[in-house]
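What follows is a set of notes on a single structure, which appears directly below.
The values are calculated or read from the model by the stated rules, or taken from the named source; none is laboratory data. Predicted model only: the values in this text are computed from it and were never measured. A quick note on method: Cβ atoms are made from the backbone with ideal geometry, for glycine too, and the neighbour counts reach across all protein chains shown.
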Amino acid sequence: MRELQLAFISNRTTARLFRLLSTIERDRVFTIGDLAERNQVTQRTIANDIKYMKEYFGDSIALVSGNSGFVFEEKKPADYQKRKQSLLKNECLFEIIGNIFHGKLSKVDELAHHYHFSESTFRRLLNQRNPILKSYGLQWASNPLTIEGSEANLRKFFKDFYYEGVETIYTLVPDQALHDLILGQLEDKFGYYEIGSGATPAAFYYTFYIAIKRASLGYRITMPKELVRQAYKGNSFSKLYALKEGIEKIYQVQLPKEEFAWIYLVTLCKRTLDQEEREEKFYQQFHQGEAITTVTDLFLQNHEVPQAQAKTVATFLRSFFLSRKINHAIAPVLNKEMDDIKEVIMRSNSESYQKNLQFLKEQSKKLSLSTAYLEDICVSLTIYSELIFDYYAPAKTIYFLLEGDHFVCQHIQTRAIQRFGSKHKLTFVQLQYLTKHTLHAAHIDLIVTNYNRYLVDYKVKTDYLLLKSLPDDRDWEHLERKINPHQKPLF
């Protein structure tokens, strides 16, 4: 479960169980001591929680104690997920957030009575969630109880809560009718979208659904007029706006044109990883001045990018910086990243993150960015730039000299092809080509062997890696780092 959702679980035991389950599902093997330390509770508490899990989840899971600790396995995944969701059946704040989304508001004292709290206890429960709401530029407003803030901020909160979060019994799901309408009218036109988007299908549906529902309650979005004007000019926008009549038939609401501009821009600002032509068109339609290009060039000066890939990499990074600028112009909160993603990137990619943060602080004025959500922008820049540098790193020519058991050699060859063959040129040297002339060819970037005599016999001068006769996971990780030394694990 995501941190945003965990923050709204009122029962401490339930919240702890979900935190434990998140760790157990990820690690699969764990010890009571480790879980106790991570969650800052006693080992006795963890032991009791594990006992409860075994009883509650029954035969849907297996929790077996061994020499290395407990081993977790989902035996009946569907049943396990259903039982896990049922843990939240009495969580009042999840229900209240859903009611607020639909405009069903009640007074604080009525809600306290309904959920069997004293009014003071219920208000304390609400106040404890103030920090997470504040991070979205929102706050509670009482009598009737609602969440107060700009409409853009509210929509971002609702989308993060329901789409980014894991599915619960309270999760709002876009209507099937909306899916059918969009696919029915746009299916044959998707390929003609000039600018495109990296947004996933469900993310697009949630943006659309939330806009429809909020607009139907009278909550309208406002955006900079110049951005709206630029959105209206796009050929892709006209295809999206063509859905207006169908939306009115399904939801009995006339969605204003500006709402379609909101959906269009929020979706467009999720940029792609592999559609260079569309990134160029996105930049051409929305950029003004040369600030974005200047910032991109300065950013690339701090990174080693091969000349052959520099233009392509610059195209994607320009698009990224422009998307952050557009988000900020609409509502700074649109650049917010989920807290658990921020935590992981700050910890696992601390050096890159700090370097990028300093860069953004120096260049924020050129990008018209305030300090609001600058750390979040830095997280997304760290992720996106690392992906781009890795994706467009030049392909390498790698020669493999394998010896030993025939089937072991075939295993190494198969695994190498599966892991590196789609990007790099792999050659498994056969007997008739195993000569000094072949191995000293100028075009070879790396020689990989599990037979150390070859390194001496052929006086290998090319960069090389010596594997164990039967490579283990460390060998494969070492090879991956050797092939792409700049690649870093993001998560």
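In the condition set (1) in a loop (DSSP other than H, G, I, E, B); (2) farther than 28 Å from LEU178 by Cα, GLN254 is compliant with all but (2).
Just give me the residues in segment 463-478 being in contact (Cβ under 8 Å) with a residue 60 or more places away in the chain and either farther than 13 Å from LEU402 by Cβ or out of contact with any Gly (no Cβ under 7 Å at 6 or more places or on another chain) (or both), in sequence order. Across segment 463-478, the qualifying residues are LEU470, TRP476. Cβ-Cβ contacts under 6 Å between residues 6 or more apart (or on different chains), taken from a first residue in segment 378-391 that is closer than 14 Å to PHE359 by Cα to a second residue that is hydrophobic (A, V, I, L, M, F, W, C) and surrounded by fewer than 19 Cβ atoms within 10 Å (Cβ to Cβ), are listed as CYS378/LEU357. Among the criteria (1) loosely packed, with under 15 Cβ neighbours inside 10 Å; (2) within 18 Å of the chain's Cα centre (by Cα); (3) outside any helix (DSSP H, G or I), the one GLU337 does not fulfil is (1). When each of LYS76, LYS104 is tested for being surrounded by fewer than 16 Cβ atoms within 10 Å (Cβ to Cβ) and under 23 Å from LEU133 (Cα atoms), the lone residue that passes is LYS104. Please tell me if GLN284 is surrounded by fewer than 22 Cβ atoms within 10 Å (Cβ to Cβ) and closer than 25 Å to GLN487 by Cα. So GLN284 does not fit the description; no. For LEU369, the conditions (1) touching a Leu at 6+ places or on another chain (Cβ under 8 Å); (2) assigned to a helix (DSSP H, G or I); (3) crowded, with 22+ Cβ neighbours inside 10 Å all hold with the exception of (2). Tell me whether segment 104-117 contains one or more residues that are touching a Gly at 6+ places or on another chain (Cβ under 9 Å), outside the structural domain of PHE204 (by the TED database) and not polar (S, T, N, Q). Yes; the residues of segment 104-117 include at least one that is touching a Gly at 6+ places or on another chain (Cβ under 9 Å), outside the structural domain of PHE204 (by the TED database) and not polar (S, T, N, Q). Of all residue pairs spaced 6 or more apart or on separate chains, none has beta-carbon atoms under 7 Å together with a first member in segment 2-25 that is outside the structural domain of ALA36 (by the TED database) and a second member that is surrounded by fewer than 18 Cβ atoms within 10 Å (Cβ to Cβ).
Of the residues in segment 152-175, none is over 27 Å from the mean Cα position of the chain (by Cα) and closer than 30 Å to THR222 by Cβ.
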